[in-house]
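One structure is given below, encoded as structure tokens.
Derivation of every value follows stated rules applied to the coordinates shown; laboratory data play no part. From a predicted model like this one, the values you see are computed outputs, not experimental measurements. No Cβ is skipped: glycine too gets one built from the backbone with ideal geometry, and neighbour counts run over all protein chains shown.
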Ligand SMILES: CCCCNC(=S)N1C[C@H](O)[C@@H](O)[C@@H](O)[C@H]1CO
């Protein structure tokens with residue numbers, strides 16, 4: 001028996017050693033003499049597409065990867081978002097939708113190689129470019145993406161967790177990963193810190209071994225390549241349709257005289273911002289320039305091939321402040337919902353000129369369902385639910401504390417103070433509002449502040465009244481020098497000539513509270529010191545319980561107060577709907593509502609803002625649905641419910657079988673809460689170039 005055990009142990013150890021070492025006969029490298037990649041010693045060119053596992057429900061990873069393979073790709077490219085995998089310092093999550101190993105195995109099993117981009121910074125229209133916001137706790141001036149020990153220390157700790165997970169999936173070790181990117185367009189960042197890049201290079205080699213092909217990506221011009229490239233990291237470039245590939249590759253050659261030509265991001269579409277036209281790139285233009293690239297025998301990755309969705313709060317923003325919407329459709333060859341488009345067919349036809357496509361068609365779009373209208377009901381205001389949303393109670397501080405210093409990363413906060421002096425038409429100024437503030441005085445709406453302006457409003461108040469500011473984090477800047485994008489209220493608040501002090505600051509954990517938020521009677525908020533009796537009354541209501549028994553449940557029967565302008569206290573609305581047969585993908589049409597967060601069966605679908613557009617519907621993947629469903633809206637500004645000129649028939653949402661992400665946008669400043677967003681043809685190419693150039 002002992003001998004058998006010994007044998008088993010020895011065999012196990014041997015397998016472990018083998019896993020960490022090169023798999024016999026497999027190699028991926030660069031042939032500098034012949035300007036090509038070599039895969040198992042043979043010249044190799046990749047034709048790749050970007051897909052982000054963090055933006056696609058795990059239940060659909062295989063569907064998307066199969067479609068990408070069928071379209072003719074031999075590789076995919078994906079980012080690894082640090083802030084997903086280390087949500088709190090030292091707390092790691094590589095499970096469920098964050099199970100990167102499962103994703104890599106699936107890509108490998110689908111016949112796709114992988115170009116991995118683990119950052120630590122990734123840009124990607126992702127909150128703070130993938131960096132965790134807790135880096136800024138007690139250190140808002142941390143020099144991100146540099147040798148600053150305050151930054152590099154956490155980088156080392158995180159990479160010590162991530163990179164050993166990656167190593168077995170390297171091509172040389174039997175996995176699909178052929179190349180690994182270090183940082184991301186580092187040459188575009190102001191720090192230009194070669195020590196930082198060298199540190200990352202050594203760190204990656206330390207964990208992944210000396211044989212892995214490490215590379216960088218930057219724009220194709222000297223201005224960025226100067227700071228983005230160092231020895232030992234293969235220089236690649238990125239550019240979209242409209243840029244002459246030969247010219248762009250000349251830029252690469254200046255910094256990488258030998259080796260394969262590589263475009264790591266060939267843009268098939270482009271990113272969106274709330275309030276600006278949905279980006280569109282003509283499919284024929286994409287095809288024409290893709291063909292030029294392939295004719296040069298360059299390797300290319302199409303960014304994005306499947307864009308997906310910024311579920312939850314994870315969208316980023318561009319400066320000075322333009323947050324990106326929930327949909328990351330990107331006008332990509334596969335839609336946000338994974339549906340093949342004409343652009344995919346056109347691209348496939350080009351690829352077919354350079355490599356054999358797999359047999360068989362690209363799988364069709366998954367079925368979509370229209371579940372119709374759902375009646376919504378007002379449940380409570382955010383102020384009614386403070387004990388549930390902030391179970392630890394407020395932090396009291398003389399002056400406002402940032403979201404990061406409250407050890408919160410995403411979502412919403414409440415800043416509350418009791419006025420100590422009367423004010424008549426005095427200016428309430430909140431220059432540090434990050435990003436939108438919903439102001440109430442004794443639970444009566446008093447206006448909305450925005451970091452894009454206005455950041456102040458006139459207030460008339462009595463001493464003793466309670467000033468509330470619900471603050472929304474709309475997503476952290478993910479590109480450029482201002483990625484230190486702290487949230488909450490980051491500077492003092494003044495009323496007239498007085499600086500307001502003695503704040504009660506609440507982190508609002510909606511996602512955590514949701515499962516039980518409405519399953520018990522709503523306890524109207526009473527401030528800790530009892531200064532805020534509930535304004536609207538609670539009626540004893542008998543309501544039909546789920547099991548048909550009458551149950552006694554307190555329920556606020558009134559709508560929250562609204563200002564003359566129609567603004568309401570941020571409030572929760574719920575609805576339920578049944579699905580008889582197998583749930584399918586659907587799209588939640590939010591027209592008629594203003595701005596907020598939507599949840600179905602506790603899953604955070606993301607942000608809605610139909611009065612801004614261009615996105616009107618939210619993608620609801622089938623995996624979120626079941627036979628009995630509930631929907632919760634956290635409406636920040638104004639609902640269509642019980643408005644004077646409308647009946648409850650308007651207090652609905654609708655699940656439809658098609659997306660609307662390209663609605664006409666027009667500045668809604670001054671318009672109050674009636675969505676005029678309508679469907680329209682996407683704008684011309686130059687419209688979103690203006691977006692990018694600001
Ligand atoms: C408006 C500035 C956009 C800068 N980002 C650029 S050029 N991009 C390059 C970047 O590497 C990638 O992550 C994406 O962010 C992409 C845009 O989709």
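With semi-axes defined as the square roots of five times the eigenvalues of the C-alpha gyration tensor, the equivalent ellipsoid of region 18-83 measures 27, 17, 13 Å, largest first.
Output the direction-averaged projected area (hull surface divided by four) of the convex hull of the alpha-carbon atoms of region 202-257, in nm².
Values: hull surface 17.2 nm².
With every direction weighted equally, the projected area is 4.3 nm².
For the chain, the longest principal axis of the Cα atoms and the long axis of helix 149-166 meet at an angle of about 60 degrees. Dividing the Cα radius of gyration of region 227-335 by 2.2 N^0.38 Å, with N the residue count, gives 1.20. The C-alpha atoms of the chain define a longest principal axis, and helix 342-351 lies at about 10 degrees to it.
The sum of -39500 (n - 2.57) across all DSSP H runs of n ≥ 4, divided by the residue count of the chain, sets its helix-only mean residue ellipticity at 222 nm to -6000 deg cm²/dmol. Only residues of region 485-516 count here: report those whose backbone N is under 15 Å from the spot 7 Å along Cα→Cβ of residue 397, or say none. Inside the label zone: 486-493, 500-508.
If you average 1/r over every pair of different alpha-carbon atoms in region 260-410 and take one over that average, what Kirkwood value in Å do you get? Please report the intermediate quantities before stating the final value.
Numbers: mean 1/r = 0.0509 Å⁻¹.
Hydrodynamic radius (Kirkwood, Cα pairs) of region 260-410 is 19.6 Å.
A simple spin-label model places pseudo-atoms 7 Å from Cα toward Cβ; at residue 150 and residue 194 they are separated by 2.6 nm. Can you compute the FRET efficiency between residue 34 and residue 109 using 1/(1 + (r/R0)^6), with r the Cβ-Cβ distance and R0 = 41 Å? Round to the nearest 0.05. The formula returns an efficiency of 0.85 here.
The Stokes-Einstein estimate for region 134-269, based on a Kirkwood radius over Cα pairs and taken at 25 °C with 0.890 mPa s viscosity, is a diffusion coefficient of 153 µm²/s.
Going from the residue with the fewest nearby Cβ atoms within 10 Å to the one with the most, 666, 639, 563 rank 666, 563, 639.
With 5 Å bins beginning at zero, the pair-distance distribution over Cα atoms of region 596-661 amounts to 4, 14, 23, 26, 20, 10, 3, 0 %.
The label point for residue 59 and the one for residue 205, both projected 7 Å from the Cα toward the Cβ, are 4.6 nm apart. Equivalent ellipsoid of region 569-612: semi-axes from √(5λ) of the C-alpha gyration tensor, largest first, are 22, 13, 10 Å.
Is the shape of region 50-130 best called rounded, prolate or oblate, per the rule: a/c under 1.5 gives rounded, else a/b larger than b/c gives prolate, else oblate, with a ≥ b ≥ c the square roots of the Cα gyration tensor eigenvalues?
On the way: a/c = 2.24, a/b = 1.71, b/c = 1.31.
It is prolate, given that a/c is not under 1.5 and a/b is the larger ratio.
With contacts defined as alpha carbon pairs under 8 Å and 6 or more residues apart, what's the relative contact order of region 261-335 in percent?
On the way: 120 pairs, mean separation 31.5, N = 75.
Relative contact order for region 261-335 comes out at 42 percent.
With Rh defined as the Kirkwood radius, the inverse of the mean 1/r over Cα pairs, the Rg/Rh of region 94-175 is 1.03. From a point 7 Å beyond the Cα of residue 141 in the direction of its Cβ, which residues of region 478-501 have a backbone N at a distance under 15 Å? So the set is 484. For region 348-467, the Kirkwood hydrodynamic radius comes to 19.3 Å, computed from all pairs of different C-alpha atoms.
Looking at the chain, what % of its DSSP beta bridges pair antiparallel, to the nearest 5? Could the numbers behind the result be given before it?
Working: 93 of 126 bridges.
Of the beta bridges lying entirely in the chain, close to 75 percent run antiparallel.
Can you give me the Cα centroid spacing of region 568-590 and region 364-389 in angstrom? Cα centres, region 568-590 to region 364-389: 5 Å.
Measuring how big the chain is from its alpha-carbon positions, Rg and Dmax come out at 26.6, 89 Å.
Ranked by Cβ crowding within 10 angstrom, fewest neighbours first, how are 201, 451 ordered? Show your work: numbers first, answer last.
Values: 201 18, 451 21.
Taking fewest neighbouring Cβ atoms as first place, the list is 201, 451.
Going by neighbour counts of Cβ atoms within 10 Å, the residues 651, 192, 227 line up, fewest first, as 192, 227, 651. Where does helix 2-20 land angle-wise versus the long Cα axis of the chain, in degrees 0 to 90, nearest 10? For helix 2-20, the angle is close to 90 degrees. Taking R0 as 22 Å, what's the FRET efficiency between residue 92 and residue 407 from their Cβ-Cβ distance, rounded to 0.05? So the FRET efficiency works out to roughly 0.85. Kirkwood analysis of region 294-377, using all unique Cα-Cα pairs, places the hydrodynamic radius at 15.9 Å. Taking region 319-366 on its own, what percent of its Cα-Cα pair distances exceed 15 Å? The answer is 57 percent, as a whole percent.
Label zone (residue 101, point 7 Å along Cα-to-C-beta; backbone nitrogen cut-off 17 Å) within region 199-217: 208.
Extent along the principal axes, Cα only, for region 378-448: 35, 31, 23 Å, with the longest axis given first.
Assuming R0 = 35 Å, can you tell me the calculated FRET efficiency for the pair residue 341 and residue 422, based on Cβ-Cβ distance, to the nearest 0.05?
Details: r = 61 Å, r/R0 = 1.73.
E(calc), rounded to 0.05, equals 0.05.
Of interest is the spacing of the C-alpha centroids, which for region 613-662 and region 113-135 amounts to 31 Å.
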